[in-house]
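Working notes, beginning with the structure itself.
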Amino acid sequence: MEIPYILTRPGAKAPAYATPGAAAADLCAALDKPLTLAPGQRAIIPTGVAVQLPGPQWVALLCARSGLAVKRGLTLSNGVGVIDSDYRGEIGAGVVNLGEEPVTVEPGERVAQLMILPVAQAAFVAAQSLDETDRGEGGFGSTGRL
Ligand SMILES: O=c1ccn([C@H]2C[C@H](O)[C@@H](COP(=O)(O)OP(=O)(O)OP(=O)(O)O)O2)c(=O)[nH]1
């Protein structure tokens, strides 16, 4: 499938799959100078990319890059970003430094990855009861640790 995009800032980079067959395309920091986040500090990093999804049956999910998160402590402050199909603005990466050291993001550095997925347009229907399952209401670790 083709996803039209525009670059909204000078120096912005197009979304790009790091390897053929990768599930998500990397987005880069459209910064004009390095940005340093202190431990615990949050920021919105502009990506300089706006996309046009084909319609409401599609969503783009903005996900953390695991290396950045695991090695340097920089992850997405909102967990996963939901990019609605009707959104035409620049995609921003809300980040937080969860580490104990300052983290510097360089201009052009890959900061997040964008995954395109089909999505169900569900109708939520109020009901009197829900059908029974083996799990029932068990959750939050109800099956134990091992
Ligand atoms: O990490 C993100 C998450 C969202 N967005 C953009 C695209 C999305 O379509 C829009 C709104 O996101 P969301 O619905 O999560 O925001 P909200 O906090 O519920 O506010 P809104 O009232 O704008 O829906 O913001 C981003 O650029 N990056």
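The values are calculated or read from the model by the stated rules, or taken from the named source; none is laboratory data. For clarity, every value in this text was computed on a predicted model and none was experimentally measured. No Cβ is skipped: glycine too gets one built from the backbone with ideal geometry, and neighbour counts run over all protein chains shown. Surface accessibility is based on the protein's heavy atoms, side chains included, excluding ligands, DNA and RNA. Shrake-Rupley method; radii C 1.70, N 1.55, O 1.52, S 1.80 Å.
A few comments on the model shown:
- Proportion of all alpha-carbon pairs of region 5-118 beyond 21 Å (%): 33
- Per residue accessible area of the chain, 1.4 Å probe, in Å²: 67
- Full-stretch length increase - residue 98, residue 128 - with 0.36 nm per residue and alpha-carbon distance subtracted: 6.5 nm
- Using the Karplus relation 6.51 cos²θ - 1.76 cosθ + 1.60 with θ = phi - 60°, the per-residue 3J(HN,Hα) values for region 36-43 come to 9, 10, 6, x, x, 6, 10, 7 Hz, with x marking Gly and Pro.
- Value of Rg to Rh for region 29-96, rounded to two decimals, is 1.01; Kirkwood radius and Rg both from alpha-carbon coordinates.
- Other-chain or far-sequence residues with amide H under 5 Å of residue 49's (modelled H): 8, 91
- The portion of the accessible surface of region 5-118 made up by carbon and sulfur, rounded to a whole percent, is 55 (1.4 Å probe; DNA, RNA and ligands excluded).
- Amide H partners (placed H, <5 Å) of residue 112, local residues excluded: 27
- Order by protection proxy (mean Cβ within 10 Å, highest first), peptides 109-116, 97-104: 109-116, 97-104
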